[in-house]
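Here the structure comes first, spelled out in structure tokens, and everything after it is commentary.
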Amino acid sequence: MQRWDIFCTVVDNYGDAAVTWRLARQLTAEHSMAIRLWIDDLRPLAALYPGTDLAADRQILCGVEVRRWPADFPAVDIADVVIEAFACDIPDSYIAAMAASPVPPRWINLEYLSAENWVAGCHRLPSPHPRLPLIKQFFFPGFTPDTGGLLREHGLIERRRAFQTSSALQAEFRTQLGVTHIPDAFTVSLFGYENPALPELLQAWVDNATPICCLLPDSRLTPQVVAFFGDGKPWQRGSLTVHRLPFLDQDSYDKLLWLCDMNFVRGEDSFVRALWAGRPFVWHIYPQTDDAHHAKLDAFLALYARDLDDAATASLTDFWHGWNQIGKQTLNWQAWQAACPQIRQHHEAWVNQLTMQTDLATNLVRNGQ
Ligand code: TRH
């Protein structure tokens, strides 16, 4: 059985843990790899997978050996494949052991996801170590066959479709969440970073001609929603009803996305899950200080909207820009809502194409064969 070590440092939020944990689980379940996930902060993992024991230095979760990554790194056997996620610095002692090995492991730097054009040119490029006889390879996730692809578990789309065509499964999930079904309501999930555009959006929903049901798992947006409504319950005003939810485990979060007519997501992993959910979505991209995220957002929009007509593309781009505070900083909910049926059709077709491509975990495995 091939042994893989995945190294993850938690920079902030959930994304680092979310991506490496998802990858670790998939490599174990679908490719029978022996995975050790080294992570320096177990708290985000415990939120994503509540079975996590915060006190354990070593535990087996879903067949993955999860190890706390301590500052003083222990002497361990090195693996056959080593993944450093998002350019984290793996321990010097581990690198020295790799260099001393008669057969050095395959060493991969798994990068952040981007739709920018340069990605394909950099995917799989080698980076020789400046001193040691080791070569690290860059591995870029992406949306085209000349990149590393996207994380997508086997059977995911089939499970999603089964859920979306079964009112019984949806009702069961609503009961689990404690959410009452509002017939004819347009249902949205809302996850994101603090956002100055939120009060305007909430007000547009209050004033909407038809009911809006907003499902709000805990996030940095929650205090803003509290400020909008005040602390009293219920959160109902005009056409808008908001259900406050706890932060869900990662698998339940998928179901939340599948349940909704549209989803607000952020970062990297929830963004990809919103694609697979098959419903229109709005992406709050992870903000970078030099505004490098603007080009990243527009690169995705260019790819995603390539076959969408001009009017729908304009509504999509305007709304995404408004939500991300790019250029003119207002949100035209009406225009977005009017374009939504068309965007939904387009989204489904676009995502169907995307599922034809090989997923990231499989590409990582095949890359070494
Ligand atoms: O938490 P994030 O903002 O993570 C970010 C990004 O990855 C960013 O690119 C990176 O630079 C930064 O971290 C360090 O957003 P992301 O990537 O969507 O991760 C959130 C995860 O949380 C995702 O797996 C979905 C999951 N989730 C749940 O499991 N339950 C929930 O209730 C919610 C709202 C999310």
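The values are calculated or read from the model by the stated rules, or taken from the named source; none is laboratory data. On a predicted model such as this, the values are computed, not experimentally measured, just so you know. Positions of Cβ are generated from backbone atoms using ideal geometry, with glycine treated the same way; all protein chains shown enter the neighbour counts. Just the protein is used for accessible areas: all its heavy atoms, side chains included, with ligands, DNA and RNA removed. Shrake-Rupley method; radii C 1.70, N 1.55, O 1.52, S 1.80 Å.
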Of all residues in segment 34-50, which are free of Cβ contacts under 8 Å to residues at least 12 places away in the same chain and either touching a helix residue (DSSP H, G or I) at 6+ places or on another chain (Cβ under 7 Å) or away from the ligand (no atom under 13 Å from the Cβ) (or both)?
none
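Per-residue answers, yes or no, for (1) touching a Ser or Thr at 6+ places or on another chain (Cβ under 8 Å); (2) modelled with pLDDT under 95; (3) farther than 16 Å from N208 by Cβ:
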residue	(1), (2), (3)
W323	no, no, yes
W336	yes, no, no
C340	no, no, no
E348	no, no, yes
N352	no, no, yes
A361	no, no, yes
L364	no, no, yes
Just to confirm my filter: which strands (runs of 3 or more DSSP E) fall fully inside segment 199-299 and include at least 3 residues that are in contact with a Pro (Cβ under 9 Å, 6 or more places away or on another chain) and more than 9 Å from the ligand (Cβ to nearest atom)?
240-245
Please verify whether W276 is farther than 23 Å from A162 by Cβ and open to solvent by less than 20 Å² (accessible area, probe 1.4 Å), treating the condition exactly as stated.
no
Cross-chain or 6+ apart pairs with Cβ under 7 Å, segment 7-33 first and open to solvent by 40 Å² or more (accessible area, probe 1.4 Å), then near the ligand (Cβ under 8 Å from one of its atoms):
T9/D16; N13/G267; Y14/P44; Y14/A47; Y14/L48
Test result for R25, within 15 Å of the ligand (Cβ to nearest atom), farther than 22 Å from L364 by Cα and of a type in the set (K, R):
no
Hey, does segment 90-109 have a residue that's under 22 Å from the mean Cα position of the chain (by Cα) and not β-branched (V, I, T)?
yes
Within segment 57-74, is even one residue open to solvent by 10 Å² or more (accessible area, probe 1.4 Å), at positive phi and without any contact (Cβ under 8 Å) to a residue 40 or more places away in the chain?
yes
Here is a check on your reading of the model: is L364 in the same structural domain as V188 (by TED's automatic domain parsing) and part of a helix (DSSP H, G or I)?
no
All but one of (1) farther than 18 Å from L150 by Cα; (2) within 16 Å of the ligand (Cβ to nearest atom) hold for D92, so report the exception by its number.
(2)
Every residue from segment 179-211 that is aromatic (F, W, Y) and either outside the structural domain of R279 (by TED's automatic domain parsing) or touching a helix residue (DSSP H, G or I) at 6+ places or on another chain (Cβ under 8 Å) (or both)
F186, F191, W205
